[in-house]
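Step one of this worksheet: look at the structure below.
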Amino acid sequence: MGTSIASIGDVNGDGAGDFAVGAFFDDDGGEDKGAVWLLFLDQTSTTSPSAAPARITELERPQRLTIDTELLANYPNPFNPETWIPYRLAEAANVTLTIYDIQGTIVRRIEVGHQQPAVYVSRDKAIYFDGRNNNCEQVSSGVYFYHLKAGDYSATRKMLILK
């Protein structure tokens, strides 16, 4: 099992890291695979940011940070002609996004597929909607609703296309 440090934060602005955030990775599929961890760093052992790395304060086991499954607001909104729809998953699930017009008619269905627990907010991870219906035709201006289904979770939000 290995770990990956994603970020070291400097809360008080002294140039030295106060905490580290990262994730476990394990090619053998161990129970901690993908778990996020947060460790507070003990800076008392160094006086300069360029000195030896700080000690990690003793913890029996890194703390897991939990996330809730949630459908987030699309961006940009309003949009023309494309938007990204971010979401978070607390557990692995098959993900489907369905877009409806104001009358409740399905405009587009996007089968995302099986996704691991994670935060899907950046443009390279969020669901991309190009403003086209299932027939690849550009949809007209107006209010639309997007509905995320992920396992037992489902939620709907509103978006606006302006041309």
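The values are calculated or read from the model by the stated rules, or taken from the named source; none is laboratory data. Only a predicted model underlies this, so the values are computations on that prediction, with no experimental measurement involved. No Cβ is skipped: glycine too gets one built from the backbone with ideal geometry, and neighbour counts run over all protein chains shown. The area values use the complete protein model at the heavy-atom level, side chains included, leaving out ligands, DNA and RNA. Shrake-Rupley method; radii C 1.70, N 1.55, O 1.52, S 1.80 Å.
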Original post:
For Ile67, are the conditions met, namely being surrounded by 12 or more Cβ atoms within 10 Å (Cβ to Cβ) and modelled with pLDDT of 95 or more?
Top reply: no
Original post:
Going through the stretch 88-110 one residue at a time, which ones are among the acidic types (Asp, Glu) and farther than 24 Å from Asp68 by Cα?
Top reply: Asp101
Original post:
Taking the stretch 77-103, which residues are open to solvent by 30 Å² or more (accessible area, probe 1.4 Å) and aliphatic (A, V, I, L, M)?
Top reply: Ala90, Ala92, Ile102
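Would you check if Ile106 is out of contact with any Gly (no Cβ under 9 Å at 6 or more places or on another chain) and surrounded by 16 or more Cβ atoms within 10 Å (Cβ to Cβ)?
Judged against the criteria, Ile106 is not a match.
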Original post:
For Asp130, are the conditions met, namely being touching a residue at least 40 places away in the same chain (Cβ under 8 Å), charged (D, E, K, R), on the phi < 0 side of the Ramachandran plot and surrounded by 14 or more Cβ atoms within 10 Å (Cβ to Cβ)?
Top reply: no
Original post:
Which ones in the stretch 75-112 are more than 18 Å from Tyr153 (Cα to Cα) and touching a residue at least 60 places away in the same chain (Cβ under 8 Å)?
Top reply: Asn77, Pro78, Phe79, Asn80, Pro81, Thr83
**OP:** Scan the stretch 127-163 residue by residue and report those that are of a type in the set (Phe, Trp, Tyr) and over 15 Å from Tyr75 (Cβ atoms).
**Re:** Phe145, Tyr153
Subject >> Unmet requirement for Cys136, which otherwise passes all of (1) over 20 Å from Glu70 (Cβ atoms); (2) in contact (Cβ under 8 Å) with a residue 12 or more places away in the chain >> reply: (2)
